[in-house]
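In what follows, a single structure is set out as structure tokens and then discussed.
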Amino acid sequence: MRWVNTIVIVALAAAILIFAFQNLQSVTTSFLGLRISAPLAVQIVIVYLLGMATGGSAWALIRWAWKGSTQTDVPKSAP
């Protein structure tokens, strides 16, 4: 199984490198008045990293809210 995982990772890394080297031309992206001109592969990496950061934060917030909503406070009785 370890070899299968290694082969899949190597194949994906090779595909990503081929994509990056074939898309070195600069493209311009506009969003809310902000214009970014960079190679397509660089822009994809930036968007991927932003998605990881915001997705992780959203997932943590959902887990925190779910955990807080399922907890019940048991009143302590006085001795």
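Taking the inverse of the average 1/r across all pairs of different Cα atoms in region 2-57, what Kirkwood radius in Å do you get? Show your work: numbers first, answer last.
On the way: mean 1/r = 0.0758 Å⁻¹.
The Cα-based Kirkwood calculation yields 13.2 Å.
Between Met1 and Thr70, what length in nm is gained on full extension when 0.36 nm per residue of separation is reduced by their alpha carbon distance? Please list the in-between numbers first.
Working: separation 69, 0.36 × 69 = 24.84 nm, distance 3.85 nm.
Taking 0.36 nm per residue and subtracting the Cα distance, the gain is 21.0 nm.
Helix-derived [θ] at 222 nm for the chain: sum -39500 (n - 2.57) over DSSP H runs of at least 4, divide by residue count, nearest 500?
-23500 deg cm²/dmol
If you average the sequence gap of Cα pairs under 8 Å that are 6 or more apart and divide by the length of region 2-57, what percent do you get for the contact order?
After rounding, I find 23 percent.
What is the fewest-to-most order of Trp3, Trp64 by other Cβ atoms lying within 10 Å of their Cβ?
On the way: Trp3 7, Trp64 10.
Final ranking by Cβ density, sparse to dense: Trp3, Trp64.
Provide the FRET efficiency to the nearest 0.05 for the Val8-Arg35 pair, computing r from the beta carbons and using R0 = 30 Å.
Result of the calculation: an efficiency of 0.20.
Where a number appears in this text, it was derived from the coordinates with a stated rule and is not lab data. Please read these numbers as outputs of a predicted model, since none were measured by experiment. Methodologically, a virtual Cβ is constructed for each residue, glycine included, from the backbone with ideal geometry; neighbour enumeration extends over all protein chains shown.
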